[in-house]
Amino acid sequence: MVQSLVLHIGANKTGSSAVQEFLRLNAKALARQGLTVAPSDLLPDSPITGQHLPFLEHLRQDIPQGRTTVSERIDALMEALPQHASLLISAENLSNLNGTHELFADATARHPATVILYIRRQDELLLSSWQQWGGKTSTDFWAWISQAAGHRGNWRLTLEPWEQLVGRERIRVRVYDRKRLYRQDVIADFMKVLGAEGSLDEMRMPEQRANPSYAESVADLLKGNPLLFDSMHDNKPYELVEELTGNHFHRDPRESIITHEQRLALLAKYAAANAWVKNRYFSGLGGPLFTPPARTDYRFLDRKDLERQKWQVVAALLAGLSKKILNPS
C-alpha cells in the first residue's frame, strides 16, 4: 500500500475547530502512528496548526493556479512520508458549495484519498451559521434564512462533487449528533474513523471549548453592527464578551429564536436531499437520517425574553469592564 491522503472537509459548525486543535496538539504523536498532519500551507517547514482553511481560501481566488499549487505541495509531502502513512488535511471550507473542492482534483487523481464529512441537521446548522457569519453583517435574520435555506446544509450538493473526485466508496459520512458519535465526542469519533481510537487515552485533549457559540441574547445584541464587525469572519466582539464575562453567556442548546413550526418548515426544504444521503450512505439505518426535533427539545425565546436577556448581557459587560479598570492586570 502506498501513502494516502485524508481530507477532513468539515462541515462548518460540526466540531471542526475541536478536531483541528486536537490535531495541532498531537501532531507528533499522530505521526508516530502513520498519521501526518500537513503543515498549514502544505510546505514542509511551515508550522502545523491542525487546520488549512485560510490557505485554501486564498488559493480559491484562482482555482487553476491553486489546483497546481496544492498538487505540487502534496506531491512533495507525500514523497517524504513513510510507507503506509497518511497525510491529514482539515479545512471545513472544502464542504462549501463554491468550488473549493476543485483545488484537490489533481492531487486526488494521483494519490488514494479518503474524505471525511460530518453532517448536521439543517435547522441547527442554519442557526449556528447565522451567529457565526450572517449576523455579523446583517440585522435581518429572516432575510438571511430565506437565502440560505435549502442551499446551505444541502449535503447532497456537498457530496456529489467529492464523489466525482474520489468515488463514493472513499467517502466517510458521520452524523454530528452527540448520541451517535463514538464516546459521544467528535474527536473520539474522528479518531475511530481513522482507525486510531485505541490511542486516544495517550493523546492530549483541548483544554477549552473551541469556537463556542453564544447565547441568542449576545448574538442579537451585536448583530449587524459595522462598528463592531469588520467582516463575517471577525470574531473580536465575541472574544471581548468572553474576556469580560467568561463563559456565562455561552449558548444554551435548548434556547431557540424560532418556533417548532418554523423549524419543521426549514427542515422540509431538505427532505429530498436528506433522503438521498440516507439511501446512499446510511442504507441500513432505520428511520430518518436525522432525529426529528420534538416540540419539547427547545424553549422558544420571544422578543420580550430576548430584550430582558440582552440587558443582562449589557450589565455583565459593564461589570466586567469596571473590574478591568479598577483592577488592571
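Just so it is clear, none of the values below were taken in a lab; they were calculated from the coordinates. Owing to the predicted nature of the structure, the values given are computational and were not obtained by experimental measurement. Methodologically, a virtual Cβ is constructed for each residue, glycine included, from the backbone with ideal geometry; neighbour enumeration extends over all protein chains shown.
For this structure, a couple of remarks:
- Debye intensity ratio in log₁₀ form over the Cα atoms of the range 216-326, taken at each q of 0.10, 0.17, 0.20, 0.24 Å⁻¹: -0.47, -0.94, -1.08, -1.28
- Rounded to 5, the percent of DSSP beta bridges in the chain classed as antiparallel: 5
- Those lysines that a straight Cα-Cα span of less than 28 Å connects to residue 323, excepting residues fewer than 8 apart in one chain: 136, 223, 236, 310
- Across the range 1-86, Cα-Cα pairs more than 21 Å apart make up 30 percent of the total.
- Under a model in which nothing but the beta-carbon of Lys, Arg (+1) and Asp, Glu (-1) is charged, the range 4-202 shows a dipole of about 540 debye around its Cα centre.
- For the chain, the longest principal axis of the alpha carbon atoms and the long axis of helix 63-80 meet at an angle near 60°.
- Distant-in-sequence amide contacts of residue 213, defined by a placed amide H-H separation under 5 Å and a gap of 5 or more residues or a different chain, comprise 251.
- Long-range amide H partners of residue 174 with built H, under 5 Å: 117, 118, 119
- Over the chain, DSSP H runs of length four or greater, each weighted -39,500 (n - 2.57), average out per residue to a 222 nm ellipticity of -13000 deg cm²/dmol.
- Most positive-pole-ward Cα, 61, 122, 238, against dipole of the chain from beta carbon charges: 122
- In order along the range 40-48, the Karplus-derived 3J(HN,Hα) couplings, from 6.51 cos²θ - 1.76 cosθ + 1.60 at θ = phi - 60°, round to 4, 10, 6, 9, x, 9, 7, x, 9 Hz, and Gly and Pro are given as x.
- Averaged over residues, the count of other Cβ atoms within 10 Å places the peptides 110-116, 121-127 in the sequence 121-127, 110-116, highest first.
- Taken over the C-alpha atoms, the chain has Rg and Dmax values of 20.9, 63 angstrom.
- Residues whose placed amide H lies under 5 Å from that of residue 114, excluding near-sequence neighbours: 5, 6, 7
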